[in-house]
Amino acid sequence: MQYLIRQKHYPKTLIKLEGGHRLNGMAKRSDIVAFDPAGEKILLVECKAPSVRIDQKVFDQIARYNIVHRIALLAVTNGLQHYYCTIDFEKHQYQFIEQLPDYRDR
């Protein structure tokens, strides 16, 4: 979260940690969701421990959570490796990007 606030300028007041949601009737927990000033969700982050390898299962998990959230910007990290992608819901496509965009550049 400090990376989002200090390096990428996401306002602390617009970041929600460990928010709950329901998926297929089951309670789930999103690690980080960031919002814009209007309250729209703009970023979903899945955080893993440094010992957890970022693999297809982790990407599948955030994709399942995003069925509920429908956020166009996703991030997955274990503190050592970081992956970012954008989602185009109309074209049903995703694209990995090199870095997380700065909040001020939205």
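The values are calculated or read from the model by the stated rules, or taken from the named source; none is laboratory data. Since we're looking at a predicted model, the values are computed, not measured. Neighbour counts are summed over all protein chains in view; Cβ atoms, including those assigned to glycine, are modelled from backbone coordinates with ideal geometry.
Brief remarks follow.
- With respect to (1) exposed (fewer than 10 other Cβ atoms within 10 Å of the Cβ); (2) modelled with pLDDT of 75 or more; (3) of a type outside the set (Asp, Glu), the lone exception for Ala34 is condition (1).
- The single residue among Ile62, Ile87 that is surrounded by 10 or more Cβ atoms within 10 Å (Cβ to Cβ) and in contact with an Asp or Glu (Cβ under 6 Å, 6 or more places away or on another chain) turns out to be Ile62.
- In region 90-103, the residues that are touching a residue at least 40 places away in the same chain (Cβ under 8 Å) form Cβ pairs under 9 Å with partners that are assigned to a helix (DSSP H, G or I), at six or more places apart or across chains, as follows: Leu100/Tyr3; Leu100/Leu4; Leu100/Gln7; Asp102/Gln7; Tyr103/Leu4; Tyr103/Leu14.
- Check on Ile97, surrounded by fewer than 17 Cβ atoms within 10 Å (Cβ to Cβ), farther than 25 Å from Leu14 by Cα and either under 11 Å from the mean Cα position of the chain (by Cα) or modelled with pLDDT of 95 or more (or both): no
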